[in-house]
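For reference, the structure is listed below as structure tokens.
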Amino acid sequence: MASRPAGTTSKPRAASSDMLARSKIPVWIVKALLSSGIKRVSKLSAMTDDELLALPGIGKRAIELIRSSQKACESGGSQARGSPVRR
């Protein structure tokens with residue numbers, strides 16, 4: 001049985017539901033975020049709209065879709081994927 005070198009610990013794993021690829025965010029946005037090194041939905045929640053706009057491939061429409069997807073998840077996911085957001 002192999003043992004770990006002294007002083008190393010395993011990183012705690014985040015819930016798979018926090019993975020961007022498993023979110024309801026449209027694929028084109030997920031690809032842009034992944035290319036910028038963002039892999040988790042929780043990272044998006046911590047970012048401001050201005051920080052998101054600074055990422056390549058992310059514009060105002062992408063931010064609207066990201067935020068509406070986050071709201072849908074918080075409210076229990078009652079909004080169907082691809083449904084228009086009414087304000």
Per-residue SASA entry for S69, accessible area with 1.4 Å probe, Å² rounded to 10: 10
Residue-span extension gain [A54 to R22] - 0.36 nm each, minus C-alpha spacing: 9.2 nm
Extension gain from R67 to K43, taking 0.36 nm per residue of separation minus the Cα-Cα distance: 7.4 nm
Alpha carbon convex hull of the stretch 30-77, volume per residue in cubic angstrom: 71
Modelled FRET efficiency - R0 25 Å, L34 with S75, Cβ distances, 0.05 increments: 0.45
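The values are calculated or read from the model by the stated rules, or taken from the named source; none is laboratory data. Not measured: the values here are computed from a predicted model. Cβ sites come from the backbone with ideal geometry, for glycine too, and all protein chains shown count toward neighbours. For the accessible areas, the whole protein counts, side chains as well, though only heavy atoms, and no ligand, DNA or RNA atoms are used. Shrake-Rupley method; radii C 1.70, N 1.55, O 1.52, S 1.80 Å.
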